[in-house]
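What follows is a set of notes on a single structure, which appears directly below.
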Amino acid sequence: MVVLRFNDAGRDFAADVFDALVQASKDDPYLKQITGDDGRHCHGCGFTAALKTSFGWKVTHERFDAEPMLAGEQACKANLEALSEMVEGLKKLTANAKEASVIIHSRRTRNEPRGVHGAHPFKEETLLKAGGQYARAEIYLAHNGGVEKHEIASELNIPSPELYTDSHLYLRYLASKVSLCGVDELPDKLAKAIAESKPLSKSALDLGIMVFPQVSEPLLFAAGYVARKDDVVRWRYYEPVLIEADGLVGYVSSTVRDVLIRRRADAGFRSFDNSLVMLKLPKPSMHAI
């Protein structure tokens, strides 16, 4: 997963980050240690991009999974090809933007539902308050990790949770927690909701969250929480990493960081476990969870 906010100065670096995601998805050594297989993230992909143009902000949301039309190795190859094409399209999409906020995710799952509706990022809508009025807001989420979805479904009175991915239900949980709050309250509300949900985490709450209130610019967040830091193998896989460079700030998965370290010497990387980060230029702001 990659979550980036960047402007003109960071556009070329962002392109390298997107390319690193493609490479990491094709060969993830940390995933190999957990699963014992070839370490590919090839169960679907997707992105959400908010672009600032002369006419204001525009959001594009796209997802793909070759299943159920294809299966097995055929679906895996098709999804990796789709990710590469998605990244090339994203570079063109952001080429003329004054500023961009992007979440892009390549999926690897075991027992959760497949298909395009299971690919990240997910989308929900809620109402937020801004300027004394309530307005519709779109919320997008991509997630690395797992949560107890039956408990979330029970809390939200959602029947048949097996029809949903755990991450989609987790987005619905977050949306319910921030509903009707003020836009300026979002960082604190999100941090509190994520902190309260830690007991529901099976592995990690590594999150990319975009909130587009319609009445203001989109807000971009990344969260990092790893449930079992004593498990070295899982920590290396789920380790949330903050990246900062000229004109760019964001979250990258640990394998993406490793690819970038070999390509770029002009970026700073640091872990940010137990934190929600509001990704804004020129500097992010941290909130404990």
- Per DSSP H run of n ≥ 4, the term is -39500 (n - 2.57); total these for the chain, divide by its residue number, and report the mean residue ellipticity at 222 nm rounded to 500 deg cm²/dmol. -10000 deg cm²/dmol
- Given the Cα atoms of segment 17-88, and with Rh set as the inverse mean 1/r over their pairs in the Kirkwood sense, what is Rg to Rh to two decimals? 1.08
- Item | Proximal lysines relative to LYS280, as straight alpha-carbon distance under 17 Å, when same-chain residues fewer than 8 apart are discounted | LYS52, LYS98
- Gaussian network model of the chain, Cα springs within a sub-10 Å range: biggest mean-square fluctuation belongs to which of SER106, SER216, SER54? SER54
- Message: Need one number: nm distance between label points at LEU281 and VAL233, each 7 Å from Cα along Cα→Cβ, rounded to one decimal.
- Response: 4.1 nm
- Task: Could you check which residue among ALA50, ALA97, ALA204 shows the biggest mean-square fluctuation in a GNM of the chain with a 10 Å Cα cutoff?
- Result: ALA97
- Note on the structure: Rounded to one decimal in nm, the spacing of the 7 Å Cα→Cβ label points at VAL215 and ALA288 is 3.3 nm
- Which value in Å does the Kirkwood hydrodynamic radius of segment 1-45 take, with 1/r averaged over all unlike C-alpha pairs and then inverted? 11.8 Å
- Message: Using a Gaussian network model on the chain with a 10 Å cutoff between Cα atoms, which of LEU220, LEU31, LEU207 fluctuates the most?
- Response: LEU31
- Note on the structure: For LYS202, counting only lysines whose alpha-carbon sits under 28 Å away and dropping same-chain residues fewer than eight positions off, the answer is LYS26, LYS32, LYS123, LYS149, LYS177, LYS189, LYS192, LYS229
- Item | FRET efficiency, 1/(1 + (r/R0)^6) with R0 22 Å, evaluated for LYS189 and GLU151 via beta carbons | 0.60
- Going by how many other Cβ atoms sit within 10 Å of their own, how do ILE194, ILE261, ILE152 line up, fewest first? ILE261, ILE152, ILE194
- Query: Between ASN111 and GLN33, what FRET efficiency comes out of the Förster formula 1/(1 + (r/R0)^6) with R0 = 22 Å and r the beta carbon distance, rounded to 0.05?
  - Reply: 0.65
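Bear in mind these aren't lab numbers, they're just calculated from the coordinates by the rules spelled out. These numbers were taken from a predicted model, which means no experiment stands behind them. Every residue, glycine among them, receives a Cβ derived from its backbone with ideal geometry; neighbour counts consider all protein chains shown.
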